[in-house]
């Protein structure tokens with residue numbers, strides 16, 4: 001697999017990483033064996049960047065990575081591992097965001113214990129905590145680098161202005177944001193700011209939570225998926241409209257001799273050498289479809305055909321519900 005750099009002075013990683021939220025039950029039941037099969041496939045395909053978080057399955061994702069590393073001596077050296085913390089619950093069970101230095105360090109310590117490692121390669125603030133300035137959050141994260149518990153730091157779901165301020169206080173290696181053919185708002189400033197500052201743009205949900213694949217999650221499964229059943233793009237009538245539009249994209253991918261997932265990943269890789277998609281899936285076959293995108297080369301004509309079918313703003317429904325929008329920064 002071709003490589004890209006995780007930040008201005010960061011390590012070389014495979015140009016496509018893996019998003020390990022799918023090691024939790026977010027998109028349907030899974031188990032350790034299925035997660036380990038994905039990690040085996042990562043090593044086979046040259047996927048070196050793993051992205052997880054403390055809240056993915058309340059530790060389930062990190063634990064699956066930890067048991068795999070324990071069962072496969074030497075595997076740690078082949079992975080660049082990122083995790084995140086910030087999303088918490090208050091005394092009343094309400095979701096809050098916490099970027100206090102003692103909280104971030106305690107959560108990172110627990111993550112390291114779950115994974116059986118002494119340092120992560122990248123540690124993100126999962127959401128911005130409004131109690132702290134961007135500069136203060138960057139400094140809190142930076143102390144963990146100085147303590148040897150992380151090699152670099154990142155931010156998730158932030159505005160370009162927040163990135164600039166944080167990066168001025170401590171070098172930011174990566175910013176994570178939803179980015180795909182169905183979610184293109186990062187093109188309005190974040191992609192450009194990351195390129196200017198030498199920050200990796202890590203694109204999560206690069207296949208639109210299955211919409212941008214040949215096998216979107218069927219309507220009958222949605223009631224069992226709390227995140228998606230309340231997501232506007234998966235609610236009637238938006239869901240049906242999105243599937244109808246996507247039929248044209250799937251047909252284009254088939255005409256080009258590839259899958260819709262691979263074509264979606266290939267499109268993202270054209271958005272800049274600093275853009276790193278991290279698709280996630282519970283199924284090895286779907287994993288390989290996504291990774292095939294790393295081997296595709298798209299011409300200007302190919303890109304024009306994609307844009308003709310999926311023009312900017314084509315998706316019906318917002319990417320988040322009002323409840324899901326609490327935390328991410330809106331900047332345009």
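Quick rundown of the values:
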{"quantity": "All Cα pairs of region 190-253, percent lying beyond 21 Å", "calculated": "38"}
{"quantity": "Principal-axis tilt of helix 60-71 within the chain, Cα atoms, nearest 10 degrees", "calculated": "80"}
{"quantity": "Relative exposure of 181, 225, 310, judged by other C-beta atoms within 10 Å (fewest first)", "calculated": "225, 310, 181"}
{"quantity": "Full-extension gain in nm, residue 146 to residue 295, via 0.36 nm per residue minus C-alpha separation", "calculated": "49.9 nm"}
{"quantity": "Evaluated over region 97-195, the Cα radius of gyration and Dmax, each in Å", "calculated": "13.7, 40"}
{"quantity": "Distance in nm between pseudo-label sites at residue 270 and residue 305 (7 Å out along the Cβ direction from Cα)", "calculated": "1.1"}
{"quantity": "Distance cut-off 20 Å, percentage of C-alpha pairs in region 21-148 lying past it", "calculated": "46"}
{"quantity": "Extended-chain gain in nm, criterion 0.36 nm per residue less alpha-carbon gap, residue 255 and residue 58", "calculated": "66.8 nm"}
{"quantity": "Cα point-scatterer Debye curve for region 218-332, base-10 log of I(q)/I(0) at q = 0.16, 0.18 Å⁻¹", "calculated": "-0.95, -1.18"}
{"quantity": "Projected-area mean, region 169-218, by convex hull of Cα positions, square nanometres", "calculated": "4.0"}
{"quantity": "Neighbour-count ranking [beta-carbon atoms within 10 angstrom, fewest first] of 325, 314, 267", "calculated": "325, 314, 267"}
{"quantity": "DSSP-defined beta bridges in region 113-246 - what % are antiparallel, rounded to 5", "calculated": "10"}
{"quantity": "For region 118-252, alpha-carbon Rg and Dmax in angstrom", "calculated": "18.1, 52"}
{"quantity": "Extension gain (nm, one decimal) between residue 71 and residue 161, 0.36 nm per residue minus Cα-Cα", "calculated": "28.1 nm"}
{"quantity": "Mean residue ellipticity (222 nm) of the chain, computed from DSSP H runs ≥ 4 via -39,500 (n - 2.57), nearest 500", "calculated": "-11500 deg cm²/dmol"}
{"quantity": "Computed label-point distance, nm, for sites residue 95 and residue 243 using a 7 Å Cα→Cβ extension", "calculated": "2.6"}
{"quantity": "DSSP-defined beta bridges in region 8-141 - what % are antiparallel, rounded to 5", "calculated": "25"}
{"quantity": "Likely footprinting exposure, 149, 84, fewest C-beta neighbours within 10 Å first", "calculated": "149, 84"}
{"quantity": "For region 110-127 versus region 186-236, the gap between their alpha-carbon centres in whole angstrom", "calculated": "24"}
{"quantity": "Rounded to 5, the percent of DSSP beta bridges in the chain classed as antiparallel", "calculated": "25"}
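A short reminder: the numbers here are calculations on the coordinates, not readings from a lab. Quantities reported herein were computed from a predicted structural model and do not represent experimental measurements. A quick note on method: Cβ atoms are made from the backbone with ideal geometry, for glycine too, and the neighbour counts reach across all protein chains shown.
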